[in-house]
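K.L.:
Have a look at the structure that comes next, please.
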Amino acid sequence: MTAEPATPFAPILQATQPEVAEQIANNFLLSSSLWVNVALAGASILLFVQMGRKLQTERAKLIWVAALLVPLVSISSYLALISGLTVSLQTMPAGHALAGQEVLSPWGRYLTWTLSTPMILIALGLLAGTDRTKLFTVVTMDVAMCVTGLAAALVTSSVLLRWAFFGVSCAFFVVVLYVLLAEWPAEAQAAGTADIFGTLRTLTVVLWLGYPILWALGAEGIAVLGVGLTSWGYSALDIVAKYVFAFLLLNWVADNEGVVSETGSSLSGATPADD
Ligand code: RET
């Protein structure tokens with residue numbers, strides 16, 4: 001009697017993790033875009049730990065932890081992509097530019113953005129001295145943006161539904177942009193953090209707009225950019241939107257801890273009436 005193969009259908013239905021990892025490793029453009037971020041995230045972690053060591057006040061420390069979590073999430077995210085854990089080979093649906101073809105989808109990016117982008121927004125909100133309601137709104141809308149963006153990338157049954165999820169994700173993104181552009185600047189003005197907030201808000205808004213554009217142009221969308229180039233696009237945006245952003249923020253907080261600690265009391269702790 002001949003022995004049954006251990007996983008008779010696996011090669012037909014799904015590439016295995018080692019196969020996906022090998023495809024990534026053999027694509028220089030793709031793998032270099034990932035490894036560069038592992039190196040930069042690692043260096044940022046070491047630098048940011050050092051930069052925050054002397055902080056004393058609660059709000060400054062909270063901003064520091066949020067900023068530090070950005071490269072911590074990032075290094076985990078990029079290692080998961082390199083290992084093939086969060087990358088799949090997908091067959092694109094009819095109507096897609098690559099219909100019927102197997103396309104490498106690094107969907108782990110969208111998943112880990114649900115953890116990293118809220119940290120960026122929490123740090124910005126704390127800097128602006130916002131209240132709990134606005135912080136809750138912006139974080140939940142942002143998480144919804146990432147999760148629906150993940151859905152847009154993972155749907156393979158219909159090209160229309162991919163774009164429907166893309167549209168829903170953009171709607172959540174509009175709320176995030178509204179708070180960043182219309183609500184927080186006035187609060188930052190009142191808190192005395194308007195200058196640094198203005199710089200970081202502009203950097204954030206401009207770079208974040210690049211993500212949906214890349215999604216739409218890349219293999220997930222109309223596929224005018226290949227997988228490697230799209231990945232480099234995201235990696236380049238990540239470098240500035242995460243590490244440069246967090247560095248500028250922590251540098252300012254370290255020099256202006258007094259301003260931060262006096263900023264907006266509405267987020268901090270209980271009042272006697274709370275119990
Ligand atoms: C997607 C596709 C669907 C539509 C929209 C998107 C927006 C993504 C953004 C990502 C920002 C990521 C950052 C990561 C840092 O760790 C999901 C691409 C609107 C704005 C800053």
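K.L.:
For S77, indicate whether it is out of contact with any strand residue (DSSP E or B) (no Cβ under 8 Å at 6 or more places or on another chain), over 20 Å from E257 (Cβ atoms) and either modelled with pLDDT of 95 or more or not aliphatic (A, V, I, L, M) (or both).
P.N.:
Against the criterion (out of contact with any strand residue (DSSP E or B) (no Cβ under 8 Å at 6 or more places or on another chain), over 20 Å from E257 (Cβ atoms) and either modelled with pLDDT of 95 or more or not aliphatic (A, V, I, L, M) (or both)), S77 qualifies.
K.L.:
Go through G210, G198 for me and flag whichever is touching a residue at least 12 places away in the same chain (Cβ under 8 Å), assigned to a helix (DSSP H, G or I) and over 12 Å from L124 (Cα atoms).
P.N.:
G210
K.L.:
From the residues in segment 126-153 that are part of a helix (DSSP H, G or I) and touching a residue at least 60 places away in the same chain (Cβ under 8 Å), which one is farthest from the ligand (Cβ to nearest atom)?
P.N.:
Step by step, filter segment 126-153, then rank; the result is R132.
K.L.:
Spot the failing condition for G258; the list is (1) open to solvent by 50 Å² or more (accessible area, probe 1.4 Å); (2) assigned to a helix (DSSP H, G or I); (3) at pLDDT below 95, and only one is missed.
P.N.:
G258 satisfies all of (1) open to solvent by 50 Å² or more (accessible area, probe 1.4 Å); (2) assigned to a helix (DSSP H, G or I); (3) at pLDDT below 95 except (1).
K.L.:
In segment 74-114, which residues are more than 13 Å from the ligand (Cβ to nearest atom) and of a type in the set (V, I, T)?
P.N.:
I82, T86, V87, T91, V103
K.L.:
Looking only at segment 197-220, which residues are within 11 Å of the ligand (Cβ to nearest atom), within 25 Å of Y178 (Cα to Cα) and surrounded by 18 or more Cβ atoms within 10 Å (Cβ to Cβ)?
P.N.:
T204, L207, W208, Y211, L214, W215
K.L.:
So which residues in segment 62-83 are among the hydroxyl-bearing types (S, T, Y) and open to solvent by 30 Å² or more (accessible area, probe 1.4 Å)?
P.N.:
Result: S76, S83.
K.L.:
Next up: Which numbered condition in (1) outside any helix (DSSP H, G or I); (2) open to solvent by less than 20 Å² (accessible area, probe 1.4 Å); (3) modelled with pLDDT of 95 or more is the only one that D238 fails?
P.N.:
(1)
K.L.:
Taking segment 106-150 as the region of interest, how many residues are touching an Asp or Glu at 6+ places or on another chain (Cβ under 7 Å) and at negative phi?
P.N.:
Residues in segment 106-150 being touching an Asp or Glu at 6+ places or on another chain (Cβ under 7 Å) and at negative phi: 6 in total.
K.L.:
Please tell me if R59 is among the basic types (K, R), farther than 19 Å from M145 by Cα and open to solvent by less than 50 Å² (accessible area, probe 1.4 Å).
P.N.:
When the stated conditions are applied, R59 passes them.
K.L.:
Name the residues in segment 116-146 that are open to solvent by 10 Å² or more (accessible area, probe 1.4 Å), touching a Leu at 6+ places or on another chain (Cβ under 8 Å) and more than 14 Å from V179 (Cα to Cα), would you?
P.N.:
Within segment 116-146, M119 is the sole residue that qualifies.
K.L.:
While we're on this one: Assuming S158 fulfils every condition listed in (1) within 14 Å of the ligand (Cβ to nearest atom); (2) more than 17 Å from the chain's Cα centre (by Cα) apart from one, which condition is it?
P.N.:
The number of the failed condition is (1).
K.L.:
Going through segment 167-179 one residue at a time, which ones are open to solvent by less than 20 Å² (accessible area, probe 1.4 Å) and near the ligand (Cβ under 10 Å from one of its atoms)?
P.N.:
S169, F173, V176
K.L.:
Among the candidates A190, A182, A223, A164, single out the residue that is out of contact with any Lys or Arg (no Cβ under 6 Å at 6 or more places or on another chain), assigned to a helix (DSSP H, G or I), within 15 Å of the ligand (Cβ to nearest atom) and small (G, A, S).
P.N.:
Within the list A190, A182, A223, A164, the selection yields A164.
The values are calculated or read from the model by the stated rules, or taken from the named source; none is laboratory data. This structure is a prediction, so every number in the text was calculated from the model and none was measured. We place every Cβ from the backbone using ideal geometry, glycine too, and count neighbours over all the protein chains shown. To get the accessible areas, we keep the full protein, side chains included, count just its heavy atoms, and leave off ligands, DNA and RNA. Shrake-Rupley method; radii C 1.70, N 1.55, O 1.52, S 1.80 Å.
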